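Working notes, beginning with the structure itself.
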Amino acid sequence: MEELTVIRLGRSRYGPIWDLQKRFQAERMASLEGGEASPDRLLLVQHEPVFTWGRRAKPEHLGPGPDALARLGAEVFEVERGGDVTFHGPGQLVAYPVIYLGAARCGRDLHRYMRALEQVCIAVCDTYGVKAGREPGLTGVWVGRRKIAALGTRVSRWVTLHGLSFNVTDQPLEWFAHITPCGIKDRGVTSLQSELGQAPPMEEVEARLTQAFCDELGFVTSRSRAGAATNPFSP
């Protein structure tokens, strides 16, 4: 099994973490071409309020528009991932795998990778007794008709960028009312807190998601690497 470096970043603004992902992706791609060795990584973070959308997002899904969304107190970013508009904020665990798919159990198959990320979130829900699953034709993870986890990725030379967001507390949910989340008009959003009546500790969810990721994609974390938590950024 391949080793995975897990980096717990706490809370941070979106821009520095986006830059960090791209730096790690470039390092990983260079290592595949004979450059300095670079590990597969999993970044875990809670963002300060931010709306992000892919380049194919429909303008009407951004609600009142980027300027109005920024006036709500959130940052706004158009990014290079797939998918439509979503929100990230405190109370939501965001996981960014920067991995070479050739080293993962899914192989160099983007469809299998996306289904694997969904399965990771389904497995985490299952550890809390929350029945979650997929919806035909829709990306993400659902509890009934409400989305608990959203996905969006981009792959270059089979090294991944972006990833998944998982609603842990109810804190992020009110922000979704300002947009059409993931461009889906007739579905809602939910969180572990909404489903359980109370929110589990974020560190516990991080640990369960990391384990589910390793189990599903065929990685292992060493104790020293999994405990590393270097965050060069201020919130």
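The values are calculated or read from the model by the stated rules, or taken from the named source; none is laboratory data. All figures in this text were calculated on a predicted structure; none of them were measured in a lab. Cβ coordinates were reconstructed from backbone atoms using ideal geometry, including for glycine residues, and neighbour counts include every protein chain displayed.
Structural remarks
- Within region 120-142, if we keep just the residues that are among the aliphatic types (A, V, I, L, M) and out of contact with any strand residue (DSSP E or B) (no Cβ under 8 Å at 6 or more places or on another chain), the residue that is modelled with the lowest pLDDT turns out to be LEU138.
- Contact annotation: residue pairs with Cβ atoms under 7 Å, 6 or more positions apart or on different chains, pairing a residue in region 162-179 that is assigned to a loop (DSSP other than H, G, I, E, B) with a partner that is hydroxyl-bearing (Ser, Thr, Tyr) and modelled with pLDDT of 95 or more, are VAL168/SER191; THR169/SER191; ASP170/SER191; ASP170/SER194.
- Total residues in region 177-205 satisfying the condition of being under 16 Å from the mean Cα position of the chain (by Cα) and within 20 Å of THR139 (Cα to Cα): the figure is 6.
- Only one of the numbered conditions (1) at pLDDT 95 or above; (2) over 14 Å from the mean Cα position of the chain (by Cα) is not met by LEU44, and that is (2).
Table: residues versus (1) within 22 Å of ARG8 (Cα to Cα); (2) in contact with a Ser or Thr (Cβ under 7 Å, 6 or more places away or on another chain); (3) surrounded by 15 or more Cβ atoms within 10 Å (Cβ to Cβ).
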{"residue": "GLY65", "(1), (2), (3)": "no, no, no"}
{"residue": "VAL76", "(1), (2), (3)": "no, no, yes"}
{"residue": "VAL94", "(1), (2), (3)": "yes, yes, yes"}
{"residue": "VAL98", "(1), (2), (3)": "yes, yes, yes"}
{"residue": "ALA104", "(1), (2), (3)": "yes, no, yes"}
{"residue": "LEU110", "(1), (2), (3)": "no, no, yes"}
{"residue": "ALA116", "(1), (2), (3)": "yes, no, yes"}
{"residue": "GLN119", "(1), (2), (3)": "yes, no, yes"}
{"residue": "GLY129", "(1), (2), (3)": "no, no, no"}
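- Of the strands (runs of 3 or more DSSP E) entirely within region 1-96, those holding at least 2 residues that are farther than 27 Å from ARG208 by Cα and in contact (Cβ under 8 Å) with a residue 24 or more places away in the chain occupy 75-78.
- Sole residue being outside any helix (DSSP H, G or I), at pLDDT 95 or above and either surrounded by 16 or more Cβ atoms within 10 Å (Cβ to Cβ) or hydroxyl-bearing (Ser, Thr, Tyr) (or both), chosen from ALA212, ALA149: ALA149
- Yes/no for ARG154 being over 20 Å from ARG134 (Cβ atoms), touching a strand residue (DSSP E or B) at 6+ places or on another chain (Cβ under 7 Å) and of a type in the set (Lys, Arg): yes
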